[in-house]
Amino acid sequence: MRKQALVYKPIGMLGGALAGVVAAAAFKRVWRLAAGSSQAPHATDPTRGWAEILVAAAVQGAIFGVVKATVDRGGAHAVKSLTGRWPD
């Protein structure tokens, strides 16, 4: 295994966990501001309509994707600065 992969593996795992926590907090805040509700709808909530549930899922997915990509990219840059090469 290459040095970059060994260095990146723990950074990637830690970053993934951190990204999940940050994304969840960001989604809660965005949903509270956008919908005026402290709780996002669950897919099985019979009192919520399809549109609200699908919008909530799309917003949550977009936020998670952006946060995860940001953390992954930052981790790759950190590995490059430590090893001199981009991780594979």
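Only residues that are of a type in the set (A, V, I, L, M) and outside any helix (DSSP H, G or I) were counted in the range 1-38, giving 1. Looking only at residues in the range 1-31 that are within 16 Å of Ala62 (Cα to Cα) and basic (Lys, Arg), the one that is surrounded by the fewest Cβ atoms within 10 Å (Cβ to Cβ) is Arg29.
Being among the basic types (Lys, Arg) and touching a Ser or Thr at 6+ places or on another chain (Cβ under 8 Å), is that true of even one residue in the range 65-73? No, every residue in the range 65-73 fails to be among the basic types (Lys, Arg) and touching a Ser or Thr at 6+ places or on another chain (Cβ under 8 Å).
Considering the range 39-88, the residues that are polar (S, T, N, Q) and either in contact (Cβ under 8 Å) with a residue 60 or more places away in the chain or assigned to a loop (DSSP other than H, G, I, E, B) (or both) include one that is surrounded by the most Cβ atoms within 10 Å (Cβ to Cβ), namely Thr83.
Bear in mind these aren't lab numbers, they're just calculated from the coordinates by the rules spelled out. Small disclaimer: the values here were computed from a predicted structure and weren't measured. Note: ideal-geometry Cβ built from the backbone for every residue, glycine included; neighbour counts use all protein chains shown.
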